[in-house]
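To start, the structure itself, in structure tokens.
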Amino acid sequence: MTINKLRFHLVHLLGRDEEVKNLSACLERMMQPGRQTKELVMISGYSGTGKTTLASTLQTKVNSVKEGGAFVTGKFDQFRSGEPLSAISQAFGELCRMIVKKGATLCKEIEAVLRAELKNEVYLLTQI
């Protein structure tokens with residue numbers, strides 16, 4: 001009996017050119033000098049369709065941004081379906097860990113901005 005193995009070494013994401021183009025356009029909008037736009041991208045679809053790989057295509061670009069880009073991810077897990085917003089909470093936790101690593105000064109600056117923007121609703125962050 002002969003057993004043949006096929007190995008596919010993924011060079012790039014196949015068949016997702018339009019989606020990669022849309023994600024790249026989103027990043028470009030956010031990085032335009034003077035605009036300071038804020039965007040959230042949520043990718044959905046069936047398991048095994050390449051959502052994580054698609055999101056990862058921009059990770060290097062985002063993390064190399066001189067102004068301090070941050071690439072964070074969160075993934076909904078079918079076994080944690082009873083936890084509302086679990087993926088958002090996961091991504092937010094990852095972002096918080098990145099900020100803490102950058103030092104106390106940045107933490108204080110972000111805290112001041114959050115308090116100014118959220119005012120009396122800043123407590124909502126603790127509920128996530």
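The values are calculated or read from the model by the stated rules, or taken from the named source; none is laboratory data. Worth saying up front: this structure is predicted, and the values here are computed from it rather than measured. Quick reminder, even Gly has a Cβ in these numbers, built from the backbone with ideal geometry, and neighbours come from all protein chains shown. SASA here: full protein model, heavy atoms, side chains in, ligands and nucleic acids out. Shrake-Rupley method; radii C 1.70, N 1.55, O 1.52, S 1.80 Å.
Specify the residue that is nearest to the chain's Cα centre (by Cα); the eligible residues are those in segment 72-98 that are hydrophobic (A, V, I, L, M, F, W, C) and open to solvent by 100 Å² or more (accessible area, probe 1.4 Å). Let's see the steps before the verdict.
Looking only at segment 72-98, we keep the residues that are hydrophobic (A, V, I, L, M, F, W, C), and these are 72, 76, 79, 85, 87-88, 91-92, 95-96, 98.
Still in the running and open to solvent by 100 Å² or more (accessible area, probe 1.4 Å): 76, 79.
On the way: Phe76: 13, Phe79: 21 Å.
Across segment 72-98, the extreme among qualifying residues is Phe76.
Out of the residues in segment 99-128 that are over 21 Å from the mean Cα position of the chain (by Cα) and of a type in the set (Lys, Arg), which is farthest from Val72 (Cα to Cα)?
Lys119
Using beta carbons and a limit of 6 Å, which pairs, at least six apart or on different chains, have the first residue in segment 36-58 and free of Cβ contacts under 8 Å to residues at least 24 places away in the same chain and assigned to a loop (DSSP other than H, G, I, E, B) and the second one open to solvent by 50 Å² or more (accessible area, probe 1.4 Å) and of a type in the set (A, V, I, L, M)?
Pairs that qualify, where the first residue is free of Cβ contacts under 8 Å to residues at least 24 places away in the same chain and assigned to a loop (DSSP other than H, G, I, E, B) and the partner is open to solvent by 50 Å² or more (accessible area, probe 1.4 Å) and of a type in the set (A, V, I, L, M), are Thr37/Met30; Glu39/Met30.
Just to be sure I understand, how many residues within segment 106-128 are open to solvent by less than 100 Å² (accessible area, probe 1.4 Å) and part of a helix (DSSP H, G or I)? Before the answer, list the steps.
Pass one, segment 106-128, residues open to solvent by less than 100 Å² (accessible area, probe 1.4 Å): 106-107, 110-114, 116, 118, 122, 124-125, 128.
From what's left, part of a helix (DSSP H, G or I): 106-107, 110-114, 116, 118, 124-125.
Going through segment 106-128 one residue at a time, the tally reaches 11.
Starting from residues that are of a type in the set (D, E, K, R) and in contact with a Gly (Cβ under 9 Å, 6 or more places away or on another chain), keep the ones in segment 38-94 and report whichever is farthest from Cys26 (Cα to Cα).
Our first condition is that a residue be of a type in the set (D, E, K, R); within segment 38-94, this holds for 38-39, 51, 61, 66-67, 75, 77, 80, 83, 94.
Those still in the list that are in contact with a Gly (Cβ under 9 Å, 6 or more places away or on another chain) too: 51, 61, 94.
Working: Lys51: 16, Lys61: 12, Glu94: 21 Å.
Across segment 38-94, the extreme among qualifying residues is Glu94.
Checking Lys61 against (1) outside any loop (DSSP other than H, G, I, E, B); (2) open to solvent by 90 Å² or more (accessible area, probe 1.4 Å); (3) closer than 14 Å to Ala87 by Cα, only one condition comes out false. Which one?
(3)
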